[in-house]
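Here the structure is laid out as structure tokens; the discussion comes afterwards.
The values are calculated or read from the model by the stated rules, or taken from the named source; none is laboratory data. Here the structure is a predicted model, which is why all the values come from computation and not from measurement. Virtual Cβ from ideal backbone geometry, glycine too; neighbours counted across all protein chains shown. Accessible surface is based on the protein model in full, side chains and every heavy atom, while ligands, DNA and RNA are left aside. Shrake-Rupley method; radii C 1.70, N 1.55, O 1.52, S 1.80 Å.
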Amino acid sequence: MTAQPGRLAAYWERRLDEMDERELRHSRRLPGWRTRRRRRALTRALVLADLGLIAGASIFTTGSEWLFSSLWGGGILLGGASFVLLRILTGRMSGGFSRLLDEREREWRHRVTYVGFQILSYLMIAAMLYTVVVAHTEDGGLRGAMMMSALLVTGTTIPTIVLGWSLPDDDPEDFEEGMGNA
């Protein structure tokens, strides 16, 4: 059974339209928070959460479950909330795919994605080296996996961190125009 090219193209057009509508809905959320000051505060919180994950992974041993759980749990909660809010506040640029981006936004996204990829690559090398160093210790494999997880999460937040820190304040007139078109 083969799919007809016209039906497949129509299906993907519908899916892309749904994604565009969802992005437009999210882009109108939290209008009072769309300042550089707010985004930078959330960026600091996200970096702190990432550091908490890394610290938790570095101290993980079978005798320190409570400290590990505190750092890891706090990092996940703070990081998750900060990441979601930053994704909303940075708009469509931090998303993976959008037909709605203008040239400037597309260029920003390409730059931060490239930077994020490079940093993630270095973090994975660091995780591998850490795993080699702790491999012969008690729970070495688990400790290496925890560090790799922490560094992977940190690496995936880098593009949003860079956008949250670097983007200028949103133009209120653009935001009001977007609200008027809704």
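Using a 1.4 angstrom probe on the protein heavy atoms only, line up VAL134, VAL162, VAL84 by accessible area, largest first.
So, going from the largest accessible area down, we get VAL84, VAL162, VAL134.
Leaving out ligands and nucleic acids, and using a 1.4 Å probe, what accessible area per residue does region 1-89 come to in Å²?
Normalised by residue count, the accessible surface of region 1-89 is 64 Å².
Working out 0.36 nm times the residue gap between GLU13 and SER69, then minus their Cα-Cα distance, what length gain in nm do you get to one decimal?
15.7 nm
Using R₀ = 41 Å, calculate the FRET efficiency as 1/(1 + (r/R₀)^6) where r is the Cβ-Cβ separation of ALA126 and ARG36; round to 0.05.
0.85
Out of region 104-160, which GluC sites (Glu not before Pro) are coil in DSSP terms and have no more than 16 other C-beta atoms within 10 Å?
Listed in order of number, the matching sites are GLU138.
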